[in-house]
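Peer 1: The structure's right below; bear with me while I get my questions together.
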Amino acid sequence: MRSRLKDIVPDAELRYKSVIADEILRLKEERNAVILAHNYMEPALYYSVPDYRGDSLELSRKAAAAEQGVIVFCGVRFMAETAKILSPEKTVLLPARKAGCSLAASITAEDVRNLKAKYPGVPVVTYVNTYAEVKAETDICCTSSNAAAVVESLGTDTVIFLPDEYLARNTAKETGKHIIFPSKLPPAQFDSDLDYQIIGWHGKCEVHERFTVEDIENARSQFPDVLVLAHPECPPDVVEASDFSGSTTAIVNYVRKHPAGRYLLLTECSMGDNIAAENPEKEMVRICSVRCPHMNEITLEETRDALLNNQYVIEVPEDIRKKAYKAVKRMIDISAKD
Ligand code: 13P
Ligand code: SF4
């Protein structure tokens, strides 16, 4: 931990955190647990206890393949729920009581049922950033790393894509499709003269919606050589003005493999620290005030307490889980062919 983080985390904090990390490693062994950590975890957690780190898709795969009896999910609730959907016989622990997500909170199962009634027969794609009840109403899930592939795999003229408006717009652009929003267009017009349509929703990520083209222009005016990397939950004009857009792991890999020296990361702040720690010779020009308050709830302390007190156990009612499983598994099977 110290060799990676000596320039990122103060020494006194590192010493305190390393004691907790040791305790977690002991408890992990005792409880036969596997720890999965999203790329947005704080550096001291990210570089100490996880067995696997990654984006939503990679962690779903690891959850499905886990052999241990306990999965500790260092991420937000919808991710831990996805692990439970895939591994119902395991105990899945989320180290914080809430750890929500503005996208997951933006849509209900009833909203999806209403859309299906309005557009009968149109397949429904939902971003994994949704709760199990919503996934259960869905034909297939997607993540930021496979959204275009999932949409194209359906082979239909129209798809319903929920709930992230910006990911839907960015995916429409990537696939060359048109996008409409149900509230703005009466159903009679929905299959008019457009050759392919994505029917969207108005959910937004409270972190990524804050980035602007002006942020990029300011950075480029100060650092003309900067490479701008944006998560596809950012507004389409921001993605358009960037040099690269991809999932959190795609961003990690881009910096890892690219020789350039300076990057502006338009995504959650801790991930910038984690990338900076791995690439000390490269400079991260970040807008550091943007931290996901939900991801931020998960720390080393909470992870230790999760294992100590068996909290917070994720449950998904079996009827909902079975339906949601089909949508998540279908996505994993499609992505496995990549
Ligand atoms: P990734 O699947 O790219 O890790 O994104 C998850 C997320 O919540 C980003 O805000
Ligand atoms: Fe949800 Fe945005 Fe936080 Fe990701 S960064 S968990 S999309 S609120």
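Peer 1: Scan the range 45-60 for residues that are within 16 Å of ligand 2 (Cβ to nearest atom) and touching a residue at least 24 places away in the same chain (Cβ under 8 Å) and jot them down.
Peer 2: Matches in the range 45-60: Leu45, Tyr46, Gly54, Asp55, Ser56, Leu57, Glu58, Leu59, Ser60.
Peer 1: Quick check on Ala99: is it on the phi > 0 side of the Ramachandran plot and either touching a residue at least 40 places away in the same chain (Cβ under 8 Å) or surrounded by 24 or more Cβ atoms within 10 Å (Cβ to Cβ) (or both)?
Peer 2: yes
Peer 1: Restricting to the range 61-82, name every residue that is part of a helix (DSSP H, G or I), away from ligand 2 (no atom under 16 Å from the Cβ), in contact (Cβ under 8 Å) with a residue 60 or more places away in the chain and among the aliphatic types (A, V, I, L, M). Full working, then the answer.
Peer 2: So the first thing to find is which residues in the range 61-82 are part of a helix (DSSP H, G or I), and the list is 61-65, 77-82.
Next, from what is left, pick out any that are away from ligand 2 (no atom under 16 Å from the Cβ): 61-65.
Retained after the next criterion (residues that are in contact (Cβ under 8 Å) with a residue 60 or more places away in the chain): 61, 64.
Result: Ala64, single match.
Peer 1: Would you check which residues across the range 239-260 are more than 16 Å from ligand 1 (Cβ to nearest atom) and either of a type in the set (Ser, Thr, Tyr) or under 17 Å from Glu281 (Cβ atoms) (or both) and list them? Break it down into steps so the answer makes sense when it comes.
Peer 2: Applying the first criterion (more than 16 Å from ligand 1 (Cβ to nearest atom)) to the range 239-260 yields 240-241, 243, 257-260.
Within the range 239-260, Lys257, His258, Pro259, Ala260 meet the criteria.
Peer 1: For the range 103-160, what are the residues that are under 22 Å from Phe78 (Cα atoms), touching a residue at least 24 places away in the same chain (Cβ under 8 Å) and among the acidic types (Asp, Glu)?
Peer 2: Asp111, Glu133, Glu137, Asp139
Peer 1: From the list Ala21, Ala12, Ala105, exactly one residue is within 29 Å of Ala327 (Cβ to Cβ) and out of contact with any Gly (no Cβ under 6 Å at 6 or more places or on another chain). Which is it? Break it down into steps so the answer makes sense when it comes.
Peer 2: Working: Ala21 fails: within 29 Å of Ala327 (Cβ to Cβ); Ala12 fails: within 29 Å of Ala327 (Cβ to Cβ).
None of the others qualify; the one that does is Ala105.
Peer 1: Report the residue count in the range 124-145 for those that are assigned to a loop (DSSP other than H, G, I, E, B) and away from ligand 2 (no atom under 16 Å from the Cβ).
Peer 2: 4
Peer 1: Look through the range 61-82, keep the residues that are aliphatic (A, V, I, L, M) and more than 13 Å from the chain's Cα centre (by Cα), and return whichever of them is nearest to ligand 1 (Cβ to nearest atom).
Peer 2: Ala63
Rule-based calculations on the coordinates, nothing more; no lab input. It should be emphasised that the depicted structure is a prediction, and the values quoted were computed from it without experimental measurement. Virtual Cβ from ideal backbone geometry, glycine too; neighbours counted across all protein chains shown.
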